1. Give all pairs with beta carbons closer than 8 Å in which a residue from the range 27-51 that is of a type in the set (Val, Ile, Thr) meets a residue that is part of a loop (DSSP other than H, G, I, E, B) and surrounded by 14 or more Cβ atoms within 10 Å (Cβ to Cβ); count only pairs at least 6 apart in sequence or on separate chains.
2. Considering the range 72-95 alone, what residues qualify as being within 19 Å of the chain's Cα centre (by Cα), under 25 Å from Asn134 (Cβ atoms) and aliphatic (A, V, I, L, M)?
3. What are the residues in the range 238-267 that are crowded, with 19+ Cβ neighbours inside 10 Å and in a loop (DSSP other than H, G, I, E, B), if any?
4. Quick one: which of Glu157, Glu136 is touching a residue at least 40 places away in the same chain (Cβ under 8 Å), more than 18 Å from Ala79 (Cβ to Cβ) and either touching a strand residue (DSSP E or B) at 6+ places or on another chain (Cβ under 7 Å) or surrounded by fewer than 24 Cβ atoms within 10 Å (Cβ to Cβ) (or both)?
5. Report yes if some residue within the range 57-68 is among the small types (Gly, Ala, Ser) and under 22 Å from the mean Cα position of the chain (by Cα); otherwise report no.
6. Run down His103, His9 and say which single residue is closer than 26 Å to Glu364 by Cα, outside the structural domain of Gly244 (by TED's automatic domain parsing) and either surrounded by fewer than 19 Cβ atoms within 10 Å (Cβ to Cβ) or not β-branched (Val, Ile, Thr) (or both).
7. Taking the options Leu359, Leu286, name whichever one is in contact with a His (Cβ under 9 Å, 6 or more places away or on another chain), farther than 27 Å from Ala105 by Cβ and modelled with pLDDT of 95 or more.
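The values are calculated or read from the model by the stated rules, or taken from the named source; none is laboratory data. Everything numeric in this text was worked out from a predicted model, so none of it was measured. Cβ sites come from the backbone with ideal geometry, for glycine too, and all protein chains shown count toward neighbours.
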Amino acid sequence: MSELLYFDHAASAPRRDEVVEAMAPWQHGVVGNPSGTHRPAREARRAIEEARDVVAEFVGAKPSEVIFTAGGTESCQLAIEGTVKAHRRGHRTSEIIISRVEHNAVLDAAAMLARDYDDVVTRLLDVDESGVVNLEQLQELVSENTAIVSVMTVNNETGVRQPLDGVSMVTQTILASDALIHTDAVAGAPWLNLAVVTASVDLVSLCAHKLGGPVNAGALIVRGDANLEAIMPGGGQERGRRGGTVDVAAAVGLAKALELTARELSDSVDRVLDLQLRLMSAISFLPGARITAPTAAKVPGTVHATFEGIASDELLFLLDQEGVCASAASSCSSGATQTSHVLEAMGVEHERAKGSLRLSMGAETTEAQVDRLIEILARTVHRLRAGP
């Protein structure tokens, strides 16, 4: 069998050994309910609060501002729905402003609310050809009725960064608006100092499995006095903002993944940036290939390209036969069977978008693996060009 070349970290990063070890004590035997009073319960509560401290430090927040969730999707849902439900209590109309390139977790949450409530309206923010939001349009859209503005930190398909400080500045200078600002920081967490990048944002969504942590583990940061209603009420856990018993192992796994990411961040960014440039350069020489958003500010881990006259599903199938794990678009979409809404928003031609390829790396990706990928990708593209 071919050596496995894993270039799909943006979908889910390999589970780290240190994360497995940290979670192990909380995955067998007696794991107390953190809401209890006996010793196992107190031990569980202590582990959760220690994990909360780590998450808070990673994002530059207070521990009391960290809400544990079951992943990035729930974190985004809680941010959007929780904010809108609170906003509706004091406003005749509640408007949601989101960019056209958001993850489906945000797009679907907004669409659901607009469908279910006559007084909720979703407004879509355009992007330029690099996928960067239009701040002038944002200024026109924000009003006294705006409940929330949601713009992701980094696009999960293209790796393009968004101007969060600009989003915050525009939103906060509209004096009649008391809108909250949310960012889906899942794709940015492996590569950016979120304590700096998201400092001006009210709500920040995180998940663990893009960082080598467990699936179904995430957090929503709710800064300051942001007004947010629980969408899953229960026994008052997580300061009344998210009911249900907190999964101790998941919280510990998230914290360990964030701790390792923060510790290695500088070295990882420098090393993987070199690999990104190497890979982009090689792909740009392939026939019919075009690097997506070549001049935009991006995180190091992602290389996105489109191939004229080649279908993504054919390309991915042949790469998989060679042991290369890659994707065409968001891991939460149907893979290569649909063209990306992100590329559509960026104005990429439909035929070209059908040949998209996302290659995403992690801290453990090596130069030898990138060189092997380049060799396989070049051979595969030429094979598809040659036909049957």
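1. These pairs meet every condition: Ile48/Pro34; Ile48/Val246.
2. Ala79, Ile80
3. Arg241, Arg242, Val246, Asp247
4. Values: Glu136 fails: touching a residue at least 40 places away in the same chain (Cβ under 8 Å).
Exactly one of Glu157, Glu136 is touching a residue at least 40 places away in the same chain (Cβ under 8 Å), more than 18 Å from Ala79 (Cβ to Cβ) and either touching a strand residue (DSSP E or B) at 6+ places or on another chain (Cβ under 7 Å) or surrounded by fewer than 24 Cβ atoms within 10 Å (Cβ to Cβ) (or both), namely Glu157.
5. In the first step, residues of the range 57-68 are kept if they are among the small types (Gly, Ala, Ser); the result is 60-61, 64.
Among the residues that remain, those that are also under 22 Å from the mean Cα position of the chain (by Cα) are: 60-61.
Within the range 57-68, one or more residues are among the small types (Gly, Ala, Ser) and under 22 Å from the mean Cα position of the chain (by Cα).
6. From the options His103, His9, the qualifying one is His9.
7. Details: Leu359 fails: farther than 27 Å from Ala105 by Cβ.
Leu286 is the lone residue from the list that is in contact with a His (Cβ under 9 Å, 6 or more places away or on another chain), farther than 27 Å from Ala105 by Cβ and modelled with pLDDT of 95 or more.
To keep it simple, each residue is scored yes or no on (1) surrounded by 17 or more Cβ atoms within 10 Å (Cβ to Cβ); (2) under 15 Å from the mean Cα position of the chain (by Cα); (3) not in a loop (DSSP other than H, G, I, E, B).
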site	(1), (2), (3)
Ser177	yes, no, no
Trp191	yes, yes, no
Gly213	yes, yes, no
Gly224	no, no, no
